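Readers should treat all values here as calculations from the given coordinates under stated rules, not as data from a laboratory. These figures come from a predicted structure and were not determined experimentally.
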Amino acid sequence: MSDPESIETCGLRCFGAISASLSHELKNALAIINEHAGLLEDMMLMAGTGRPLDPDRLKLLAGNVMKQVQRADTMIKHMNQFAHSVDVTVACSDLEDALTLAIALNSRTAVMKGGVLVLEPSATPVRITTCPFWVQTLIWRSLSELLERAGADGQLHLCARKISDGAAIIFSPVDHVLTNIHIPDVLNHLKATQALDIQTRELWIVLPADINANRADGLFRSCLH
Amino acid sequence: MAERILLVDDEKDFLDIMSERLKYRGMDVATAGSAREAISKIALESYDVIVLDLQMQEMDGLEALKVLRTVKPELQVILLTGHVTLEKGVEAMKLGAMDLMEKPADIAILEDKIRRAHARKMILVEKQTEARVNEIILNKGW
């Protein structure tokens, strides 16, 4: 039976899931900052009753607050970068940068599932012309499935590789192709294909060098625009 | 008597500061960095109230709540989480959580909830003891 969910809904689900995960983590950072402010207030109250303030302790607390602010700032930068991925239908970008962003966006979900995402640096820059938002949706969908079946140590490696007619996103170790009901639609949308190398336990998602190529009208139209 | 609290959260910085703040309020606080650690701790030690994060690695708060309430039904559990959804809230209450609070929490409200949870646990323990004594009296024919 076919799933009634359209590709637009699939994209929105990705947007919602990632936004929810990041906002939850932001709340955690805010909660820690809030408790530090509360503790400083407690210490001030006790200082009023004659208990002296310890400068080293105050320095440590200030450092902790700064650490949490940096953490939240990094999250907001990633959230902003992701939000802007829908600004353009097609863009020329570095695939490794897209993987770096995807790891940042999905690492909390991975950890919640007992997994760890590891970026394997690529030897050469991997620039392709594709749909930035749909690449993120594809990675999100793929990770949702692959993390369920990650290896014993939970590590899942991601790598961008330049190939003759485009680029590939390689997930490893993986022993199966992606079977999620929405994967064919997302792959089709990106003119991508998947292939499994059983020997190396690598799942290759092959993307064209330029998504605009080989189209009858020479133009790519995203369903989000 | 000081309330014995077990704070459970996978954010170490949060655990450290929150436990210090509750200790300043006269509570006896222990911490656990995961639901599994909390389950191990309650098997060995006695606590009055568990303050449990809802979203944690490996085992989430609701799963942990089920286990904790099975092992120690008299335990009072307050869930503390980043985001509270209506479904999660209802599920938590059905599973026996005493209350649910959103982070960042107001320490005065949390303190009040902990004290009320402690009082509730004391009443439960008292009732259980009374029931056991009555059972013994009945069985012995006294």
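Using the alpha carbons of the protein assembly as shown, what is the convex hull volume per residue in cubic angstrom, as a whole number?
Each residue corresponds to 199 Å³ of Cα convex hull volume.
What is the set of long-range amide H partners of A:A167 at a cut-off below 5 Å, with H atoms built 1.01 Å from backbone N?
A:L207, A:A209
Report, to the nearest 10°, how far helix A:132-146 tilts away from the longest principal axis of the Cα atoms in chain A, using its own Cα long axis and a range of 0 to 90°.
Here the helix axis deviates by roughly 80 degrees.
For B:T31, which sequence-distant residues (separation of 5 or more, or a different chain) have an amide H within less than 5 Å of its own amide H, given hydrogens modelled in the peptide plane?
Correct list: B:L7.
From the C-alpha coordinates alone, can you work out the Kirkwood hydrodynamic radius of chain B, in Å?
Computed over Cα pairs of chain B, the Kirkwood hydrodynamic radius comes out at 15.6 Å.
Per residue of the range A:196-209, in order, report the coupling 6.51 cos²θ - 1.76 cosθ + 1.60 (Karplus, θ = phi - 60°) as ³J(HN,Hα) in whole Hz, putting x for Gly and Pro.
Ordered by residue, 3J(HN,Hα) equals 10, 9, 5, 4, 8, 6, 10, 9, 9, 10, 9, 10, x, 4 Hz.
Using only the alpha-carbon atoms, how far is helix A:95-112 inclined from the longest principal axis of chain A? Give it as 0 to 90 degrees, nearest 10.
Between helix and principal axis, roughly 60 degrees.
Amide H neighbours of A:E5 under 5 Å, counting only residues 5+ apart in sequence or on other chains, H built in-plane at 1.01 Å?
none
Which ³J(HN,Hα) values in Hz, rounded to whole numbers, follow from the phi angles of the range A:169-183 under the Karplus curve 6.51 cos²θ - 1.76 cosθ + 1.60, where θ = phi - 60° and Gly and Pro get x?
Along the range A:169-183, the couplings run 9, 10, 9, 7, x, 9, 10, 8, 7, 6, 10, 3, 4, 8, 4 Hz.
With θ taken as phi - 60° and the coefficients 6.51, -1.76 and 1.60, list the Karplus ³J(HN,Hα) couplings across the range B:96-106 in order, rounded to whole Hz; mark glycine and proline as x.
x, 5, 7, 7, 9, 10, 9, 7, x, 9, 7
Relative to the first principal axis of the alpha-carbon coordinates of chain A, what is the inclination of helix A:7-48, with its axis defined by its Cα atoms, in degrees from 0 to 90 and to the nearest 10?
The helix A:7-48 is inclined about 10 degrees to chain A.
So what is the relative contact order of the range B:4-140, in percent, for Cα pairs below 8 Å that sit 6 or more residues apart? Show your work: numbers first, answer last.
Values: 192 pairs, mean separation 27.7, N = 137.
The normalised contact order for the range B:4-140 reaches 20 percent.
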